[in-house]
Amino acid sequence: MSKVMDAKVLAVYPVAPETYYMELAAPDIARLAVPGQFVHVRCSDAQEPLLRRPLSIHMVSRPQGVLALLFRVVGKGTALLAQRQPGDSVNLMGPLGRGFTLPLPGSKVAVAAGGIGAAPLVFLVQELANLKCQVTVYVGARDKKNLLCDGQFAQLDAEVVIATDDGSLGFKGTVPELMRRHLDWRRTAMCYVCGPRAMMQEVSAMLSEADVPGEVSLEEKMGCGVGACLSCAVQIQHHGEISTKRVCADGPVFPSWQVVWE
Ligand SMILES: Cc1cc2nc3c(=O)[nH]c(=O)nc-3n(C[C@H](O)[C@H](O)[C@H](O)COP(=O)(O)OP(=O)(O)OC[C@H]3O[C@@H](n4cnc5c(N)ncnc54)[C@H](O)[C@@H]3O)c2cc1C
Ligand code: FES
């Protein structure tokens, strides 16, 4: 069940170019949320932008009732959100959507994070750590300055392997290229992916080849956020049949082999 609430901003600060971390007091949402879900955020109290913006739940602290977001400023809504100050309130609807399927305790899992796609994966790795899973996170960015969450993943006892497009840190190349060289698929029970569409498509193809189950978190522009308007429709195949699903209500997390990428 989701809630609509005014959440007080506890902290907000930049962590990378055009990228902000925001902490909010949202005990009801923090209590209910599972990794991979999102909140639909009213970025401004003014008329514009009218529509809420979907942002993944980056982390929660249930005892403190705190929810964290990590977002990149790409347009009007996210720019207005970044201007909020501690003490301001932000209207949230959530938690929304279907999150990641958690593996059996102790499983060996791979996580692939590309750019701002790292945002929902910190909460996931938190839960994987609670399940005593052996986690390797492949984190990629265009360069060292734009690398996100590598420190948080390491603090959660994950093995962290870095790729940057320009080689300014770690492997020079993309996350799929790095995974192809580094990962032993035979010893991997599950793989979770969030990042640019091309990266998710390439990792999904590798997963299908290796016959390893995987999940991807899709992004589409959203209207209502609750399954009513169909603005977030995607094509999903299941048992050879293609059907339309809504990223907000049926996802945003889908099995990697079910996504129709074209
Ligand atoms: C389930 C979900 C979770 C998300 N989680 C995060 C997150 O944790 N952190 C984060 O930074 N972003 C996240 N996004 C993307 C975020 O919602 C958009 O960046 C945001 O809505 C842009 O709003 P805006 O008003 O700033 O930009 P707009 O002015 O609306 O758009 C600016 C540009 O961004 C593109 N854009 C807008 N919305 C989306 C979208 N949903 N997907 C892809 N491109 C879009 C537009 O086509 C345009 O080119 C998520 C999206 C979804 C669907
Ligand atoms: S945003 Fe309205 S159905 Fe998904």
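Look at Ala118 and say whether it is out of contact with any Lys or Arg (no Cβ under 9 Å at 6 or more places or on another chain), within 13 Å of ligand 1 (Cβ to nearest atom), in a strand (DSSP E or B) and closer than 13 Å to Cys149 by Cα.
Judged against the criteria, Ala118 is not a match.
Return yes when Gly214 is under 16 Å from the mean Cα position of the chain (by Cα), at pLDDT 95 or above and away from ligand 1 (no atom under 16 Å from the Cβ) and no when it is not.
Yes.
Examine segment 169-177 for a residue that is within 13 Å of ligand 1 (Cβ to nearest atom), closer than 23 Å to Phe71 by Cβ and not charged (D, E, K, R), and state whether such a residue exists. Break it down stepwise before answering.
Of the residues in segment 169-177, the ones within 13 Å of ligand 1 (Cβ to nearest atom) are none.
For segment 169-177, residues within 13 Å of ligand 1 (Cβ to nearest atom), closer than 23 Å to Phe71 by Cβ and not charged (D, E, K, R): absent.
Show me the strands (runs of 3 or more DSSP E) entirely contained within segment 164-262 in which 1 or more residues are in contact with a helix residue (DSSP H, G or I) (Cβ under 7 Å, 6 or more places away or on another chain), within 16 Å of ligand 2 (Cβ to nearest atom) and in contact (Cβ under 8 Å) with a residue 24 or more places away in the chain.
Details: elements: 190-194, 214-217, 233-238, 241-246, 253-255.
Counting at least 1 such residues, we get 214-217, 233-238.
Exactly one of these conditions fails for Ile242: (1) among the hydrophobic types (A, V, I, L, M, F, W, C); (2) closer than 19 Å to Gly115 by Cα; (3) surrounded by fewer than 23 Cβ atoms within 10 Å (Cβ to Cβ). Give me its number.
(2)
So, of the residues in segment 49-98 that are in a loop (DSSP other than H, G, I, E, B) and within 16 Å of ligand 2 (Cβ to nearest atom), which turns out to be nearest to Ala129 (Cα to Cα)?
Gly97
The values are calculated or read from the model by the stated rules, or taken from the named source; none is laboratory data. If you're wondering where the values come from, they're calculated on a predicted model, not measured in any experiment. Positions of Cβ are backbone-derived with ideal geometry, glycine not excepted, and every protein chain shown enters the neighbour counts.
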